[in-house]
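S.K.: Structure incoming, see below.
Nothing in this text is a laboratory measurement; each read-out follows from the coordinates by a stated rule. Since we're looking at a predicted model, the values are computed, not measured. Glycine also receives a Cβ, built like all others from the backbone with ideal geometry; neighbour counts cover every protein chain displayed.
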Amino acid sequence: MRAFALFTPLLVLGLLVAPALGDEPDLKEIISKADRTTKAVKEASYKVKVWAEGELKIPQPRIEATVKAKEGLHGQLPLVWIDGLVTLPGSDVKHSFHLILNDKQVAAIDKKEKVCTIGDLPEAIDMISEPLKAVVVREFLHPTPFSDELNADSWDYEGKKIVAGTECHVIYVVYAGGAETRWYFGVDDFLPHRVDRIFKSSKGKLARVLELSELDVSPKFDQTTFAIHVPEGFQQKKYTRSEPGLLSVGSKAPDWTLKTPAGKAVTLSKLRGRIVVLDFWAIWCGPCKLVMPNLQKLHEQYKDKPVDVIGLNVWERSDAAAYMKKNKYTYGLLLKGDAVAKAYGVNGIPTMYIIGPDGKILHASAGFNPANEKAITGLIDAALAKMKSNP
């Protein structure tokens, strides 16, 4: 499941129609068709609204945006064009934002201040990570869009509903580990037209709603669609990456002791002489899930070397061990890492650290970036070579 957190009473765009007894459709077939049709999407354009609803009255912004997105080449980041408005809680003032991501750069255009900030990839990915999370339907650009849904613990058919003029099957999904989502798949096209991400607490539920309209999966994009140009009269600024709060490369990694799902205590200082790859993650975090196959690959690549790949689970609502087992991830897992996340300056996930055999930080980064894989492998190889030459 690919999840985030943004969240206002239900906007009714149609009535749920309960199926007649015995007439419930084959839910696995619906989800399978959704998986196949969505996987076939290589580019899309749509308008999107994001809001929150539910018993929990937690103020959250509302977002309206137009999105153009195209699959990246060879596993790279997608090409994305976003033009939107954000309304902050307790305010009627709409704040505009405009972002462009192509295969080389990211641009953020501030229309009010007339400033265009441009950054080079991969360093500048932070500029677009939050808007990507908020309004981009990652399932359209994901190699296995609904694999989590197909392997969920249960599905419940809630009938049909009209979403922005499109009749949809409504399916409530409960995933391994307990997370919940309501999907709206087009009756005719089997594409996702709305998703309600459900977040639970002892006081009730809260749903982050992402709803599409004017969906086009055969748009006419050309080479200028994702090109970056500084608008006339705008000041151009160069983006300089900073990792706010993260520990600096070369500094000593704070020690910690955490437990595995089996209850075994693991202490960082006792791993001296080994390279430690730490990934701060949670099941509800969509980008975290995109990182996990690469971590498994690292684990397998260096399983005979002094390298420990560890998923450090934080801010969790579900069963992290069950999720990893179900998805056949065999690298290390440590639980209840919230205090460690604070000590390491982690404000968002995924966040990755690489700690050298001397206990000092070799790498620190936040967010999902496929381009990091090669850089991380290079760092590990270099550290191993240094260990070999200086036994």
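S.K.: Pull up all non-local amide H partners of Asp308: gap of 5 or more, or a different chain, and H-to-H distance under 5 Å with H placed in the peptide plane.
M.R.: The answer is Ile275, Val276, Val277.
S.K.: If you don't mind, there's one more thing I want to ask. What is the pair-distance distribution P(r) of the chain, computed from all Cα-Cα distances in 20 Å bins starting at 0, with each bin given as a whole percent?
M.R.: 25, 56, 18, 0
S.K.: Across region 316-327, in residue order, what do the Karplus-derived ³J(HN,Hα) couplings come to in whole Hz, using 6.51 cos²θ - 1.76 cosθ + 1.60 with θ = phi - 60° and x for Gly and Pro?
M.R.: Along region 316-327, the couplings run 8, 10, 10, 8, 5, 5, 5, 5, 5, 5, 5, 9 Hz.
S.K.: So if I average 1/r over every pair of distinct C-alpha atoms in region 257-389 and take the inverse, what Kirkwood radius in Å does that give?
M.R.: Computed over region 257-389, the radius equals 14.9 Å.
S.K.: List the Cys residues of the chain that have no partner Cys with a C-beta closer than 4.7 Å.
M.R.: Cysteines of the chain left without a disulfide-compatible partner: Cys116, Cys168.
S.K.: A follow-up question, please. Which order results if Ser389, Ser213, Ser365 are arranged by neighbouring Cβ count within 10 Å, fewest first? Mind showing how you got there, number by number?
M.R.: On the way: Ser389 7, Ser213 15, Ser365 21.
With the sparsest Cβ surroundings first, the list reads Ser389, Ser213, Ser365.
S.K.: Another question, if that's okay. Can you tell me the alpha carbon radius of gyration of region 127-201 divided by the globular rule-of-thumb value 2.2 N^0.38 Å? Intermediate results must be reported in sequence, preceding the final value.
M.R.: On the way: Rg = 13.1 Å, N = 75, 2.2 N^0.38 = 11.3 Å.
Its radius of gyration relative to the 2.2 N^0.38 Å reference: 1.15.
S.K.: Just to confirm a number: summing +1 for Lys and Arg and -1 for Asp and Glu over residues other than Thr166 whose beta-carbon lies under 11 angstrom from that of Thr166, what do you get?
M.R.: In short, -2.
S.K.: For every helix of n ≥ 4 consecutive DSSP H residues, a contribution of -39,500 (n - 2.57) applies; sum these over the chain, divide by its total residues, and give [θ] at 222 nm rounded to the nearest 500 deg cm²/dmol.
M.R.: Value at 222 nm, helices only, nearest 500: -5500 deg cm²/dmol.
S.K.: Would you list, by chain and number, the aspartates and glutamates whose Cα falls below 13 Å from the Cα of Lys42, excluding same-chain residues fewer than 8 positions away?
M.R.: The reachable aspartates and glutamates, counting only those whose Cα sits under 13 Å from Lys42, are Glu71, Glu139, Asp216.
S.K.: Using C-alpha positions alone, give me the convex hull volume of region 27-238 per residue in cubic angstrom.
M.R.: In region 27-238, the Cα hull volume divided by residue count equals 144 Å³.
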